[in-house]
Amino acid sequence: RRGSSNRRAYKYWRSDDARISQAATGHAPPPDAVVAAAPCGFPAKRRQTMVRPDRDEHAWERLCARKRDEIERDTRLLSTQQQQRCERAERLYAELESAHAHTVTEENDVCEDGVLDLRGKELKVFTVPAAVERTLATRTIHTLVLRNNRLQHLDARTLAPLIALVKLDVSRNELERLGPTGAVTIPGDHAKVLAAHPGARAAGVKGGFPPRLEVLLAAFNRVQKLSLGAAGAPCLKRLVVAHNVVRFVAPDIAKAPNLEELDLRGNRLAADQLKHLAPLKKLAKVKVGRNPLCADRRHGHAVPSHVRNALSTTKAPPAAPRRAWA
């Protein structure tokens, strides 16, 4: 009970201090404020009335001026952004026109005297340039250079217009197969013309290398299987597939009956894969250096005699002569 009386006395003292401070600051409640009766004999709290401050006559004008300044600032900002966008669009159009003109100039320069040179263009898919198609120069192209690109396969549909192609260089790419993919629909008249070439067949659907191709350079790729595709290369005379990962020789290599030179250096060929070269009767030179078959001294017995005579392997250096003991 003593503690409760002390708390009650402290409460009364705090309420008296509050009234004194309000009177000192001029915020005391008006004398006509209603005092509510408190239950249990406790003193009631006085209900304070809020005094509204005097209204400022120029507040509305200042608010309108501030909003007007914000609108003008936003308008200037939008006009500046629009002007920057217009300037950027004009600059991009100018760069696009200059790039197009430069590309057209390059396309006109890459095809000269029947040689289409597209080396080092970072191409993933080969397509004939539009300038070459417009001038119908595909009928006179005899050499196509696609070195140092990123080609992963050759498409028969893009090679089909190059009817006069004799030499194709696809070295230093990412080719995983040698033969072109896809098929080309050939009319009956053209099929008869293709049937006149040795090894070609007249068919409604035909794909593969151009019929007059004689030289194919495909060194430094990722070819695993030596295959020329279903159509083959009836006029091919020289084939370079050095420094790949060739493990197998497909039987369709016989669809290049005129092959005279074959370079297979730096691959992973075993001795039993050379038997598929037996149908190539015109082989005069075969390079198989730096292959596992070079370590097998019996690899010459697994191939026909004409292929064995054409083999050119890396010979081991002669052994040092033995020193006679005294």
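The values are calculated or read from the model by the stated rules, or taken from the named source; none is laboratory data. Source: prediction; values computed, not measured. Here the Cβ positions follow ideal geometry from the backbone for every residue, glycine too, while neighbour counts run over all protein chains shown.
From the list GLU106, GLU133, GLU112, GLU122, the lone residue that is at pLDDT below 85 and either among the hydroxyl-bearing types (Ser, Thr, Tyr) or within 25 Å of the chain's Cα centre (by Cα) (or both) is GLU106. For PHE209, state whether it is closer than 15 Å to LEU154 by Cβ, at pLDDT 50 or above, among the aromatic types (Phe, Trp, Tyr) and part of a loop (DSSP other than H, G, I, E, B). Answer is yes for this residue. Of all the numbered requirements in (1) touching a residue at least 40 places away in the same chain (Cβ under 8 Å); (2) closer than 21 Å to VAL241 by Cα, ALA160 misses one, and that requirement is (2).
All conditions but one from (1) touching a Gly at 6+ places or on another chain (Cβ under 8 Å); (2) over 13 Å from LEU165 (Cβ atoms); (3) at pLDDT below 90 apply to THR140; the one that does not is (2). In the range 147-162 there is no residue that is of a type in the set (A, V, I, L, M, F, W, C) and surrounded by fewer than 17 Cβ atoms within 10 Å (Cβ to Cβ).
ALA316 meets the stated requirement of being modelled with pLDDT under 90 and among the small types (Gly, Ala, Ser). In the set (1) out of contact with any helix residue (DSSP H, G or I) (no Cβ under 8 Å at 6 or more places or on another chain); (2) at pLDDT below 90, ARG147 fails one condition alone, (2).
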